[in-house]
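Reviewing the structure listed below.
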Amino acid sequence: MSEDDIAARNDAFTRHAAAMRNPLNAYFRRRVREASDVEDLVQEVFLRLTVRGAPAHLDGASGYIFQTAASVLADRHRRRTVRHADDHVAHDPEAHGENDFDPHRIMAGKQALHAAAAALLTMSERTRTIFLLKRLDGLRHQAIANQLGISVSAVEKHIVRAMEHLMAYAGEGR
């Protein structure tokens, strides 16, 4: 086969592969959850086709292209399985907050923390203890009641009292 014949076959295969872009997109869209990965997978197919070159016979070019796509998909699945990619959770700035290290924001946070600590210190010891057991330790009302030897109703009243105290203290702007 002459160089001109090889170049012509490669050109024909390249045109056929380019015409397969939309069917490949559809193939991958049906098989992967992440829509953003579809174009990357199509590009991986074209990369592999470029590296391998055109097949000897163009009769089965579509089958060859889809076989390459299946191989790309299988490799992606193997990589994701080994890397536990489906176990990862994407970072959500709204849920995790932003890394804003603005000095004014830090100072405001410190002042708010000191104000909350001061407000806690002005509560009665029992109310403060119950409030901290609930809010910091995450204990249920029943567990707090059992631990302190009081009724659940008393625990609820202390928590309400603590919340009212904190709201009043914050309203005064101390």
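The values are calculated or read from the model by the stated rules, or taken from the named source; none is laboratory data. Quick caveat: nothing in here was measured; it's all calculated off a predicted structure. Don't worry about glycine lacking a Cβ; one is built from the backbone with ideal geometry, like all the others, and counts go over all protein chains shown. Areas reflect the complete protein model, heavy atoms only, side chains present, ligands, DNA and RNA absent. Shrake-Rupley method; radii C 1.70, N 1.55, O 1.52, S 1.80 Å.
Of all residues being touching a residue at least 24 places away in the same chain (Cβ under 8 Å), charged (D, E, K, R) and in a helix (DSSP H, G or I) in segment 126-174, which is surrounded by the fewest Cβ atoms within 10 Å (Cβ to Cβ)? Just the residue, please. So, considering only residues that are touching a residue at least 24 places away in the same chain (Cβ under 8 Å), charged (D, E, K, R) and in a helix (DSSP H, G or I), the one surrounded by the fewest Cβ atoms within 10 Å (Cβ to Cβ) is Arg126.
Answer yes or no as to whether Val51 is modelled with pLDDT of 90 or more, over 23 Å from the mean Cα position of the chain (by Cα) and of a type in the set (Val, Ile, Thr). Full working, then the answer.
Details: modelled with pLDDT of 90 or more: no; over 23 Å from the mean Cα position of the chain (by Cα): yes; of a type in the set (Val, Ile, Thr): yes.
For Val51, the condition - modelled with pLDDT of 90 or more, over 23 Å from the mean Cα position of the chain (by Cα) and of a type in the set (Val, Ile, Thr) - is not met.
Could you go through segment 89-100 and let me know if any residue there is of a type outside the set (A, V, I, L, M, F, W, C), part of a helix (DSSP H, G or I), at pLDDT 75 or above and surrounded by fewer than 10 Cβ atoms within 10 Å (Cβ to Cβ). Before you say what the answer is, go through the steps one by one.
Filtering segment 89-100 for residues of a type outside the set (A, V, I, L, M, F, W, C) gives 91-94, 96-100.
Right, trim to part of a helix (DSSP H, G or I) and you get 93-94, 96.
This time we only want the ones that are at pLDDT 75 or above, so: none.
Scanning segment 89-100, I find no residue that is of a type outside the set (A, V, I, L, M, F, W, C), part of a helix (DSSP H, G or I), at pLDDT 75 or above and surrounded by fewer than 10 Cβ atoms within 10 Å (Cβ to Cβ), so the answer is no.
Within segment 50-57, is there a residue that is part of a helix (DSSP H, G or I), of a type in the set (A, V, I, L, M, F, W, C) and open to solvent by less than 80 Å² (accessible area, probe 1.4 Å)?
Step one: list which residues in segment 50-57 are part of a helix (DSSP H, G or I), which gives 50-52.
When the remaining residues are screened for being of a type in the set (A, V, I, L, M, F, W, C), the result is 51.
Filter again for open to solvent by less than 80 Å² (accessible area, probe 1.4 Å), leaving none.
No.
Hey, among the residues in segment 8-44 that are under 16 Å from Tyr64 (Cα atoms) and hydroxyl-bearing (Ser, Thr, Tyr), which one's surrounded by the most Cβ atoms within 10 Å (Cβ to Cβ)? For segment 8-44, the residue satisfying everything is Tyr27.
Looking at the structure I just gave you, is Asp5 open to solvent by less than 70 Å² (accessible area, probe 1.4 Å), assigned to a helix (DSSP H, G or I) and among the acidic types (Asp, Glu)?
Values: open to solvent by less than 70 Å² (accessible area, probe 1.4 Å): no; assigned to a helix (DSSP H, G or I): yes; among the acidic types (Asp, Glu): yes.
Criteria not met by Asp5.
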